[in-house]
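Participant: Here it is, the structure in full.
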Amino acid sequence: MTKKSYIETVIKAIKQCKSEGVDIDVRFLVAIDRRNGTEVAMETVKLAEDFMLSSEGLVLGLDLSGDPTVGDGKDLLPALQKAKNCGLKLSLHLSEVPSQLEESDMLLDLPPDRIGHGTFLHPAMGGSQGLVDKVVKHNIPLELCLTSNVKGQTVARYSDHHFKHWYQMGHPSVICTDDKGVFSTDLSQEYQLAASTFDLSREAVWKLSHDAIDCIFAPDTVKQQLKQKWIDLKPQVFK
């Protein structure tokens, strides 16, 4: 299976779910694996750009991921800048390991549209105030994965998770699973962990999920529809 046929298969499955009335609205980020180098990164950007123009809004961005200890982010900068220039959204895994401060500083200058993990950005986690200032300046949401980070041993325990620092700042933060199969979790469990670990009220958890809608890569019309669903469901949740 080629990269192109893989993307076509995923798009076909998304459209099939939509046609069958499955209650989920899916968008697709094509992934750049940092282990594969600059040439493959450029090929991936070209694929994502082509599908952005032909997939009726389903493909709309790029994800930078892969083993954070492999490669150097500066080598991927031209590909990421090209992606941004052609209108693709960027969700970049940053500061997953403590040694990435210089790389994170450079990639934040793009800037990305979302940050994956961002474990070591905050000075309390070994990052710097300068990195935090850049994230805040550009109002870049963080995708935070509690179980993934604890099981991956980048965070020692749930109570040490950097969620608490960003949440206390009131910065846009989205609870995620990272990979529900690999980490044997689901989104409800991640919200429960955040609530029990950081003493969040039911209202705070609801607001956290509601505000996450502002961070999705989708048109404003879709965001408004989702927010209305949340508002309609709230009385049932709190009864």
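Participant: Output the residues belonging to the range 154-186 that are modelled with pLDDT under 95 and not hydroxyl-bearing (S, T, Y).
Facilitator: Matches in the range 154-186: D178, D179, K180, G181, V182, F183.
Participant: Right, next: Name the one entry in K84, K4, K46, K15 that is out of contact with any helix residue (DSSP H, G or I) (no Cβ under 8 Å at 6 or more places or on another chain), in a helix (DSSP H, G or I) and either assigned by TED's automatic domain parsing to the domain that holds D178 or touching a residue at least 40 places away in the same chain (Cβ under 8 Å) (or both).
Facilitator: K15
Participant: Given G71, G57, G21, G37, which one is on the phi > 0 side of the Ramachandran plot and part of a helix (DSSP H, G or I)?
Facilitator: The unique qualifying residue is G37.
Participant: Then there is this: Every residue in the range 225-239 that is in contact with a helix residue (DSSP H, G or I) (Cβ under 9 Å, 6 or more places away or on another chain) and surrounded by fewer than 11 Cβ atoms within 10 Å (Cβ to Cβ), please.
Facilitator: Answer for the range 225-239, where residues must be in contact with a helix residue (DSSP H, G or I) (Cβ under 9 Å, 6 or more places away or on another chain) and surrounded by fewer than 11 Cβ atoms within 10 Å (Cβ to Cβ): I231, F238.
Participant: Could you please let me know if S91 is among the small types (G, A, S) and in a helix (DSSP H, G or I)? Lay out the reasoning, then the answer.
Facilitator: Working: among the small types (G, A, S): yes; in a helix (DSSP H, G or I): no.
It is false that S91 is among the small types (G, A, S) and in a helix (DSSP H, G or I).
Participant: Restricted to the range 82-96, and to residues that are among the aliphatic types (A, V, I, L, M) and within 21 Å of D133 (Cβ to Cβ), which residue is surrounded by the most Cβ atoms within 10 Å (Cβ to Cβ)?
Facilitator: Ranking the qualifying residues of the range 82-96, first place goes to L94.
Participant: When residues of the range 171-224 are filtered for being in contact with a Ser or Thr (Cβ under 7 Å, 6 or more places away or on another chain), surrounded by 14 or more Cβ atoms within 10 Å (Cβ to Cβ) and not in a helix (DSSP H, G or I), how many remain?
Facilitator: Here the count works out to 4.
Participant: Which of the residues spanning the range 93-129 are at pLDDT below 95 and among the β-branched types (V, I, T)?
Facilitator: Listed by number, the list holds a single entry, V97.
Participant: What residue, among those in the range 15-36 that are farther than 30 Å from D72 by Cβ and β-branched (V, I, T), is farthest from the chain's Cα centre (by Cα)?
Facilitator: V22
Participant: Could you figure out which of (1) surrounded by 21 or more Cβ atoms within 10 Å (Cβ to Cβ); (2) touching a His at 6+ places or on another chain (Cβ under 7 Å); (3) hydrophobic (A, V, I, L, M, F, W, C) isn't true of M125?
Facilitator: Among (1) surrounded by 21 or more Cβ atoms within 10 Å (Cβ to Cβ); (2) touching a His at 6+ places or on another chain (Cβ under 7 Å); (3) hydrophobic (A, V, I, L, M, F, W, C), M125 violates only (1).
Participant: Within the range 102-132, work out how many residues are over 14 Å from H162 (Cβ atoms), within 19 Å of the chain's Cα centre (by Cα) and not in a loop (DSSP other than H, G, I, E, B).
Facilitator: Total meeting the criteria: 6.
Participant: Using beta carbons and a limit of 6 Å, which pairs, at least six apart or on different chains, have the first residue in the range 176-196 and basic (K, R) and the second one surrounded by fewer than 19 Cβ atoms within 10 Å (Cβ to Cβ)?
Facilitator: K180/D186
Participant: Would you mind telling me which numbered condition in (1) in a helix (DSSP H, G or I); (2) within 27 Å of I213 (Cα to Cα); (3) not small (G, A, S) V26 fails?
Facilitator: Every condition holds for V26 apart from (1).
Participant: Taking the condition of being surrounded by 24 or more Cβ atoms within 10 Å (Cβ to Cβ) and in a helix (DSSP H, G or I), how many residues in the range 133-147 meet it?
Facilitator: Qualifying residue count, the range 133-147: 2.
Participant: Quick one: R114 ticks every box in (1) touching a Phe, Trp or Tyr at 6+ places or on another chain (Cβ under 7 Å); (2) outside the structural domain of P172 (by TED's automatic domain parsing) bar one, so which box is it?
Facilitator: Answer for R114: the failing condition is (1).
Participant: From the list K134, K151, K74, K84, which one is of a type in the set (K, R) and under 22 Å from P219 (Cβ atoms)?
Facilitator: K84
The values are calculated or read from the model by the stated rules, or taken from the named source; none is laboratory data. This one's a predicted model, so the numbers in the text were calculated from it and none came from an experiment. All Cβ positions, glycine included, derive from the backbone under ideal geometry; neighbour counts span all protein chains shown.
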